[in-house]
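The values are calculated or read from the model by the stated rules, or taken from the named source; none is laboratory data. Because the structure is predicted, anything quoted here is derived from the model rather than measured. A quick note on method: Cβ atoms are made from the backbone with ideal geometry, for glycine too, and the neighbour counts reach across all protein chains shown. Side chains included, ligands, DNA and RNA excluded: accessible areas come from the protein's heavy atoms. Shrake-Rupley method; radii C 1.70, N 1.55, O 1.52, S 1.80 Å.
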Amino acid sequence: WLWSCRSYIMRYIIQFADQKQEFNKRPTKIGRRSLSRSISQSSTDSYGSAASYTDSSDDETSPRDKQQKNSKGNGDFCIKNIKQADFGRREIEIAEQEMPALMALRKRAQGEKPLAGAKVVGCTHITAQTASTCESAVLMETLTALGAQCRWAACNIYSTQNEVAAALAEGGFSVFAWKGESEDDFWWCIDRCVNLEGWQPNMILDDGGDLTHWIYKKYPNMFKKIKGIVEESVTGVHRLYQLSKAGKLCVPAMNVNDSVTKQKFDNLYCCRESILDGLKRTTDVMFGGKQVMVCGYGEVGKGCCAALKAMGSIVYVTEIDPICALQACMDGFRLVKLNEVIRQVDIVITCTGNKNVVVREYLDRMKNGCIVCNMGHSNTEIDVASLRTPELTWERVRSQVDHVIWPDGKRIVLLAEGRLLNLSCSTVPTFVLSITATTQALALIELYNAPEGRYKQDVYLLPKKMDEYVASLHLPTFDAHLTELSDEQAKYLGLNKNGPFKPNYYR
């Protein structure tokens, strides 16, 4: 028996040696373009990146300087590398499996085109699935299936999946986005989307308000033909309300951010998972026993706090709203001011949607090795500009991770240069964001098809009936079965048996 085992082991060793010798004959300089990637390589690549297949070739040429065409000869796009299209298509196919509501909309629209004639200009995240947010790729193809024409730019300079942008460009979409854009590139891409001779957008889909701002600033006459704006972020919605209050809002706008399906699912459940993922990918930090400061206890803050508490972290919360503050206290978190604990916390996370939440004064007082990141909006919450001074040294550790070093040797770990952690450094559950993407699609359909006079030049919430419809489209995934009211019960509650079940002011 022992001799048989020895013979088997020897045959295995010889076979392994032969395989190793054959492997060593292969070219040693193999980039990440390779069709087959080992498990260990995939794991290594994902750290410090947005879990996206990203070309690591030495080509540093700006996409703006390249002349690229897809297989049909169309060149109305600007992306990193059209050759990555096949990889992006596979990722989009994975995402479609986790976005049941959008796929259901496509099936139901086979006989009708509710967006026929719509020309949608969009500025969201150019992604497909869990590598970042999951909306745009499947959403864009759904809008096209519903009859719309689309032109798209990215709303975040770090969140674009280059391979997904390539797949969209190969599919005929006018996409202007790549991972790692400069600020100048960012605005150039938006302008290319908007400014095309012979093409006039009549719908805007925005995330953050930058696209809307650019059209107001550069092409205000376009609003004569634009039917409406759909905005999904808290900052973008805030800008729309400011325009409305000042009497400068030219068209109706739909506030998707404050829809129930966005607030309760995207903001809460999505961030509950992506905060841990982002921190692990970038820093490999152990959460148990760490003292964490979460600034803001809205839906995003609630998700972050719940995840960190479950991992054994000691969580502090700052809040300006007494209602949210009381919720934090009732959920077992200590409510403090930032200056009270800034010297002792190990991690600082901003979730407010505001500006200058963590300013230079607080950054100077942080302990050595403190991790600083943003889950709120854009790059305004952390005063990163104040750190770009001669006395401080910036040291790149890995993609999206920087050490900022003080003259005395103290350093903080800054993630994604203060931009959104979950969009720059982590994965985000596709299913949760399917809910938001479906909400956006229905909001576009509603504004585009609304009879004249239904919506004035103001900001509106999505009707609750649509909110509930979005939720119902996702229930079959869980094999869930809704209970139906009897006629007597519906009359007792004063409701229609088919809804809506909540008043319009419910959030």
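Just name the residue that is farthest from CYS373 (Cα to Cα) out of those in segment 249-264 that are assigned to a helix (DSSP H, G or I) and open to solvent by 10 Å² or more (accessible area, probe 1.4 Å).
So the residue we want is VAL260.
The rows are residues; the columns are (1) touching a helix residue (DSSP H, G or I) at 6+ places or on another chain (Cβ under 6 Å); (2) under 25 Å from VAL260 (Cα atoms); (3) not charged (D, E, K, R).
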{"position": "LEU308", "(1), (2), (3)": "no, yes, yes"}
{"position": "TYR316", "(1), (2), (3)": "yes, no, yes"}
{"position": "ASN339", "(1), (2), (3)": "no, no, yes"}
{"position": "VAL357", "(1), (2), (3)": "no, no, yes"}
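Of all residues in segment 61-116, count the ones that are in a loop (DSSP other than H, G, I, E, B), touching a helix residue (DSSP H, G or I) at 6+ places or on another chain (Cβ under 8 Å) and among the small types (Gly, Ala, Ser).
Total meeting the criteria: 3.
Can you pull out the residues in segment 235-271 that are over 20 Å from ASN156 (Cα atoms) and of a type in the set (Ser, Thr, Tyr)?
Scanning segment 235-271 gives TYR241, SER244, SER259, THR261, TYR269.
Pairs under 7 Å by beta carbon, first residue at positive phi in segment 352-366, partner assigned to a loop (DSSP other than H, G, I, E, B) and surrounded by 15 or more Cβ atoms within 10 Å (Cβ to Cβ), six or more apart or different chains?
GLY353/GLY376; GLY353/HIS377; ASN356/ASP383
Can you tell me which residue is farthest from ARG396 (Cα to Cα) among those in segment 297-312 that are open to solvent by 10 Å² or more (accessible area, probe 1.4 Å) and in a loop (DSSP other than H, G, I, E, B)?
Applying the filter and picking the extreme gives GLY298.
May I ask you to list pairs of residues, at least six apart or on different chains, whose Cβ atoms are under 8 Å apart, with the first in segment 135-163 being farther than 19 Å from CYS78 by Cβ and the second being in a helix (DSSP H, G or I) and β-branched (Val, Ile, Thr)?
What qualifies is GLU135/THR436; VAL138/ILE92; GLU141/ILE92; LEU146/ILE445.
Restricting segment 210-236 to residues that are in a loop (DSSP other than H, G, I, E, B) and of a type outside the set (S, T, N, Q), which is surrounded by the most Cβ atoms within 10 Å (Cβ to Cβ)?
Among them, the one singled out is GLU232.
For (1) part of a helix (DSSP H, G or I); (2) more than 22 Å from SER424 (Cβ to Cβ); (3) among the small types (Gly, Ala, Ser), each residue gets a yes or a no:
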site	(1), (2), (3)
CYS189	yes, no, no
PRO201	no, yes, no
GLY208	no, no, yes
GLY247	no, yes, yes
ASP266	yes, no, no
CYS270	yes, no, no
ILE275	yes, no, no
GLY289	no, yes, yes
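List the residue pairs whose Cβ atoms are under 8 Å apart, where the first residue sits in segment 370-393 and is farther than 13 Å from ILE347 by Cα and surrounded by fewer than 24 Cβ atoms within 10 Å (Cβ to Cβ), the second is modelled with pLDDT under 95 and of a type in the set (A, V, I, L, M, F, W, C), and the two are 6 or more positions apart or on different chains.
SER378/LEU420
Which of the residues that make up segment 424-449 are open to solvent by 10 Å² or more (accessible area, probe 1.4 Å) and out of contact with any strand residue (DSSP E or B) (no Cβ under 8 Å at 6 or more places or on another chain)?
THR427, PRO429, PHE431, VAL432, ILE435, LEU442, ILE445, ASN449
Only one of these is without any contact (Cβ under 8 Å) to a residue 24 or more places away in the chain and within 22 Å of the chain's Cα centre (by Cα): ASP402, ASP487, ASP408. Name it.
ASP402
Condition first: within 23 Å of GLN263 (Cβ to Cβ) and acidic (Asp, Glu). Now tell me which residues in segment 466-507 satisfy that.
ASP467, GLU468
The rows are residues; the columns are (1) open to solvent by less than 10 Å² (accessible area, probe 1.4 Å); (2) within 27 Å of LYS262 (Cα to Cα).
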residue	(1), (2)
LEU139	yes, yes
THR142	yes, yes
CYS150	no, yes
LYS179	no, yes
SER182	no, no
ASP185	no, no
ARG192	no, no
ASN202	no, yes
GLY208	yes, yes
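Give the residue, chosen from LEU392, LEU338, LEU363, that is aliphatic (A, V, I, L, M) and within 13 Å of VAL413 (Cβ to Cβ).
The unique qualifying residue is LEU363.
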